[in-house]
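Notes to accompany the following structure.
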Amino acid sequence: MSTTLTRLIQLGCLALLISCSRQDSDVVASGHLGATSGGSPGLRFGLSSPFFQEGDRMTIALLAEYPGRPMQAATLLLIRLTDGKSFATDGGCGDDSDVTYWHQKFVSIDGENVPVRYEMSHSPIAETITIGGQTYPLDDERVFLIDLTARPPMVTRLAEDLPALLPGTALGRDDLKKAVDTLRARHEAVEDLLGAR
């Protein structure tokens, strides 16, 4: 084989590797990671989880409703993935007899599963979120920054008025991006997590 042909093959392989690498880091996806609702009028419990992902940055809003509160933003997760592929698909929403929940697995920089689980107890009504085995009550700090590239994964909590930040119930990619941009302007920790746009 000629040196020129060998060099062309090497350059072609290099271009393919760069293209594949670029595709991984340029993943753009949006949609829902599950929804559930149950109960009767006035006693309804429900969850919805719109998300968007751009490369190794992911945003998930968890919307919840329960008796006395209409469907609204309950928590917001801003996640730095280890790469554009480290988002595990094992997750979803469900309803047990006295708990409505959402769960999703992510992968740390060391390849370990980092489960995230939101729970809404029915009686008494209480909300919690568990990230990597650590449970947090959902008080004023409902925005969670999760850095899966840190050893161990790092969680930072922020206080925000989520119904004002994410109004409505039919949230899409643009709504989530707008909320992230607002948080970037308000909190240096968000910019540190997400980096340059």
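The values are calculated or read from the model by the stated rules, or taken from the named source; none is laboratory data. Every value quoted in this text rests on a predicted model; they were computed, and no experiment measured them. Here the Cβ is made from the backbone with ideal geometry for all residues, glycine too, and neighbour counts use every protein chain on show. When the accessible area is computed, the model is the full protein with side chains, heavy atoms only, and any ligands, DNA or RNA have been set aside. Shrake-Rupley method; radii C 1.70, N 1.55, O 1.52, S 1.80 Å.
Quick rundown of the values:
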{"read-out": "Matching residues, region 67-87, being surrounded by 14 or more Cβ atoms within 10 Å (Cβ to Cβ) and assigned to a strand (DSSP E or B)", "value": "71, 72, 73, 74, 75, 76, 77, 78, 79, 80, 87"}
{"read-out": "Failed criterion for residue 105 (all others in (1) open to solvent by 40 Å² or more (accessible area, probe 1.4 Å); (2) touching a residue at least 40 places away in the same chain (Cβ under 8 Å); (3) more than 18 Å from residue 48 (Cβ to Cβ) hold)", "value": "(2)"}
{"read-out": "Pick from region 28-38, criterion open to solvent by 50 Å² or more (accessible area, probe 1.4 Å) and touching a residue at least 24 places away in the same chain (Cβ under 8 Å), ranking: farthest from residue 129 (Cα to Cα)", "value": "28"}
{"read-out": "Residue tally, condition open to solvent by 40 Å² or more (accessible area, probe 1.4 Å) and either part of a strand (DSSP E or B) or not hydrophobic (A, V, I, L, M, F, W, C) (or both), over region 108-120", "value": "7"}
{"read-out": "Selection status of residue 95, open to solvent by 70 Å² or more (accessible area, probe 1.4 Å) and free of Cβ contacts under 8 Å to residues at least 60 places away in the same chain", "value": "no"}
{"read-out": "Contacts under 8 angstrom Cβ, first residue in region 42-60 being free of Cβ contacts under 8 Å to residues at least 24 places away in the same chain, partner of a type outside the set (Lys, Arg), 6 or more apart", "value": "44/37; 44/38; 44/65; 44/66; 44/67"}
